[in-house]
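Each remark here refers to the structure printed beneath this line.
Taken together, the values in this text are just the output of simple stated rules run on the coordinates, not laboratory data. On a predicted model such as this, the values are computed, not experimentally measured, just so you know. Every residue, glycine among them, receives a Cβ derived from its backbone with ideal geometry; neighbour counts consider all protein chains shown.
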Amino acid sequence: MTPKTLIYYLSEHPTIVNFRWSHTQSWGSTWSFLFTSILTYLLSSVILHLLLHHRRRPLPLGPFPALHSLSMSLISLTIFTGTLLSAAAEIRDTRWSWRRTNTTPFQWFLCFPLGTRPSGRVFFWSYIFYLTRFLHTLRTFFAVLRRKNLSFFRLFNHSILIIMSFLWLEFSQSFQIMGILLTTGVYSIVYGYRFWTAIGLRSACFPFVINCQMVLLGCNVVCHVGVGRRKSMASEDVGGKAKVVVPVTKETDRIGCGEVVDKDI
């Protein structure tokens, strides 16, 4: 596959360009689906844990955990590449409209302009990222079947990731481009490493996954501070004249810079 073909299928395909987050057209886009799916995930995990409570030996899972890790690694890499190419294409196509607000590509990358709607290339990959959060929850069931402890943190972490990615789409939250790139970049490495060890190859001599978690958390904190500073600016000087910027409130935050939830793997 040539680079031109890759760019077309990851950022210029009509399905990607014409995507629109809609409660009637996008699967899993309603609030009822969100809460029902999370409740089902929590109840299923707890019930399965209780059913296997008296079983001491883990159930054989065969190649499924390894295949899951390989699939998640490849999917994460695809989302990372698609998001990066789509962001570049959106900057190329829409930067002419930023002149009146003196917005730079880096500022757009971190903070969407007010009025941004959940449609187009970037939000297509944000939607795919949202759907893959449900695939991510399969690790919980693998852990239960292997007779590992069902921790509250695991259930909370997976649930909050689903909610967060839903809110990114529902309210056109800023920072999601950076959040998706950071998360999928780390996930592609972590799941690749898990596949590597699952097929019996040598593991690292240090806590590889935990270190990746710390890198992801640190990057999120740094980017969060950068977005927070941009949100806190009430005015800026343009050519020696004060230009008033509308402060971010609950109403404007719906389509402008939003809060970031630090996430873990």
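Taking K and R as +1 and D and E as -1, what net charge do the other residues with C-beta under 9 Å from the C-beta of residue 59 add up to? Don't skip to the answer; put the middle values down first.
Working: positive: 55, 57, 146, 147; negative: none.
The answer is +4.
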* Structure fact -> Check: C-alpha center region 108-132 vs C-alpha center region 56-78, spacing in Å is 28 Å
* So, counting K/R as plus one and D/E as minus one, what does the shell of residues with Cβ under 14 Å around residue 89 add up to? -> +1
* To do: Go through region 20-117 and name the trypsin sites (Lys or Arg not before Pro) that are in a DSSP coil and have 13 or fewer other Cβ atoms within 10 Å of their Cβ.
  => 55, 56
